[in-house]
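Participant: Just dropping this structure here.
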Amino acid sequence: MISEFLEKNAKGFNYGNFIIQKIHLSLILMVLAGFLYLITDFIVIAVIQAVIALVFFYSLLIEIRKKFSQEFKYFVFIYSLFFLVVQTMWLNNFFIPEENRMDIGFLLIFVLIVITVVFSIFLKKKFVKAIVLSSNGKITVIETEFDLRSFTNGGKHIIETEKKFKENQEIKVKIKKGIFGKKIEII
C-alpha cells in the first residue's frame, strides 16, 4: 500500500531500493533496540525485536521473492546471516557473563566482516542488466534495478555511446565504482 502510493507520487521511486532500505532499517533498529538492555527488561526488548523481525522477514521472504525471484537465495543467505549475528549481539548482553561480553561483541563484528568479504569474493558478479529508456546514437539512458551481487542500487543512468539501442531493449552494463563516482560501460 505504501509502495503504491510512493510509485504514484514520488518521482524516481524504485520499489527494489525501497525493499532493501526496509531490510537495512530493520537491521539497524534491531541493533539499536539491543542497547535498551541498559534501561529495560528482557521481555520488553524481546517484544520490540519480534515486531521489527516481522517487518524484516516479511520484506525478505515475501517482497524480495516477488521482486527478485532469480536472486532470492542470495538475499536469504546474506540477510539471514546478518539477522543471526544482530540477534546474537543483543542476546549476548543477557546470557553471557559481563566479563566476556566485549570479547563476544568483537567476535560478532568480525563475523559480519567475514560474511561480507566472503560474499563479495565468491558471489559477486561484474555486470548488471539494464533496460534502455532512450538512445540516439550519442547518449543512451538506461534504468537498472537493485542488484545484490554487483552491489548496485536501482536507478537511471546516462551513458555516452556511439551505438544506438532500441527502447525497452535489455542490455548488460558494467558499473565500476571509484572514489570520484561511478563509470558505466556497456558490455
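The values are calculated or read from the model by the stated rules, or taken from the named source; none is laboratory data. Source: prediction; values computed, not measured. So basically every Cβ, Gly included, is an ideal-geometry build from the backbone, and we count neighbours across all protein chains shown.
Participant: Conditions first: (1) in contact (Cβ under 8 Å) with a residue 60 or more places away in the chain; (2) surrounded by 16 or more Cβ atoms within 10 Å (Cβ to Cβ); (3) more than 24 Å from K11 (Cα to Cα). S150 passes all but one, so which condition is the exception?
Facilitator: (1)
Participant: Does K129 fit the bill of being in contact (Cβ under 8 Å) with a residue 60 or more places away in the chain, closer than 22 Å to Y15 by Cα and either part of a strand (DSSP E or B) or hydrophobic (A, V, I, L, M, F, W, C) (or both)?
Facilitator: So K129 fails the test.
Participant: Go through region 154-169 and count every residue that is among the polar types (S, T, N, Q) and either at pLDDT below 80 or surrounded by fewer than 12 Cβ atoms within 10 Å (Cβ to Cβ) (or both). Step through it out loud before you land on a result.
Facilitator: The initial filter retains those residues of region 154-169 that are among the polar types (S, T, N, Q), namely 161, 168-169.
Retained after the next criterion (residues that are either at pLDDT below 80 or surrounded by fewer than 12 Cβ atoms within 10 Å (Cβ to Cβ) (or both)): 168.
The number of residues fulfilling the criteria is 1.
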